C-alpha cells in the first residue's frame, strides 16, 4: 500500500489529508492513486474558494489550520461525483426570474401587423382607401395627389400628380374604384380615371367660395359643400358648370356629408346644424336645431338606424333615422373636439380628436373602449378612413404623417365597462393642464396604440390562483 503521508511536517501544510486514511484506499483504484500522488507532489498551489484558478496570489497562514486538520474533506467532493454518476445529471436550473423574462419580452421586436407611417413633405388634408386594392390616395396641402400601395413591409408610391396651385381639400374613390374625385381650394372639382390617371371631368369654379367637403353618391353623382354653406350636386358624366341641385342651408362651412340610405343625404355644418336632403326630389327636407358648437363629422351605427354626429365640444350626438330635428341621445366625454369619425362595427366608431388621440367608442351601451393610437406632439387628428375589410384605419394630422392602425381586435373584443376620459376621482388638483395629464394617464391603451398600460406590465408576475 502506498504511503500518503508527506515528507514535510504538518506545520508546512495548508490542507491535511491524514484523515482520509484507509477509506480512500477502498474507494479509488491504482490509477487514481497515482494521480493523487502526482497532485500531492506538485508544487502548484491550489486556488482557494473565491480565487481564480491559475492566478498567483499571496498566501497568508490561516491561524485555524496551524495546529488542526482541515475541515474540508476530499471525500465529500468524490461522494457528490458518485451520487451524480449514480442518479444521473441534474436538470439545469433556470436562473432567469419572471421579471427578467418580462423585461426581455418587452424589448423584443414585435411582428408588424399594419403598414409603416407614410411621411410627407407637406400636410395631408384628406385620404381615401381604394375599395378593392391595397391603395390609399392622399390629398396634400401643396396641391399634390399621391397614391401609395401599402403593405405591412413598406409603402410604395404609385403615382403623384400636381393638380392645383392651391391646397386640395378632399379626395374620395367611388364605390367601384374606377374613379377618384378631388376638390380644391381653387373651387374646382376633378374626376380622374384610376387606370390612366387622366382627368375625365373637371368642374371649374363650381362654387363661389372655396370647397370644403365632398361625397360620392354613386359612380355618376357627387355632392360638394363650400365655405359659404352651399350644397351642390353634380352629374360627373357631363363636364359643364351646371349643377343638378343647389341649395344654401347654412351660414357657415359645410363640414361633412353622409348618405344613410338611397333616398336621403345628410350634411353637417360649422354653424352647429344638421340638414337632410331628399334625393328623389332634389330638395332640402329637415334641419336640426342649432347646437352650441360646430358639428364636424357624421357616421351611421346600428344598421343605419342611428346617425352619430361629432361636435366641437367633445360630445357625440345621436339622431334616429328620419328624425333629424333633435338628437335622441348624446354621449359626452371626449376631452376636446371630435374632428372626424368612422364606423368600424355596428356599435363601434373610431374618433379622431383635437388632442391627437384616436379613440374607440362603443355605442348602445355608451362607453369608451380605449385609445387606438396617437399622433406626435398631440397634433389634432384631422381625417380618418377605414379600408374595405374594416381591419385597417388610417389617420392624418399636422405632423406630416399618415399613420395606420390595425383594429381587427375590435371584432372579438370583450366590451367591458371603462371609465370616460378625464373622469377622475375628486382630488385637490385644480389645474386644467394637470387634470388633462392625469386623464391621459388613466385612459386604457388598446393593442394598436403602441403604449402599454401600467397595470398590464406585471400581469405575468402575478401568482396563479
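What follows is calculated from the coordinates using simple rules that are stated; it is not laboratory data. Keep in mind that this is a model prediction, so the values were computed, not measured. Counting neighbours? That spans all protein chains shown, and the Cβs are built from the backbone with ideal geometry, glycine included.
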Fill in the blank from the handout: Over all pairs of different Cα atoms in the stretch 122-456, the reciprocal of the mean inverse distance gives a Kirkwood radius in Å of 20.4
Fill in the blank from the handout: Once both label points are put 7 Å beyond Cα along the C-beta direction, the residue 151-residue 97 separation in nm becomes 4.5
Handout entry: Label-point separation in nm, residue 398 to residue 132, each point 7 Å along Cα→Cβ
Key = 4.0
Problem - Potential extension, residue 220-residue 280 segment - 0.36 nm per residue separation minus Cα distance - result: 20.1 nm
Completion exercise
Burial-style ranking of 278-285, 171-178, average other-beta-carbon count within 10 Å with highest first, yields 171-178, 278-285
Handout entry: Simple spin-label estimate for residue 326 and residue 104 in nanometres, 7 Å along Cα-Cβ
Key = 6.4
Problem - Over the stretch 200-295 - Rg/Rh using Cα atoms and the Kirkwood inverse-distance radius - result: 0.95
Fill in the blank from the handout: The FRET efficiency for residue 235 and residue 313, from their Cβ-Cβ distance with R0 = 30 Å and rounded to 0.05, is 0.20
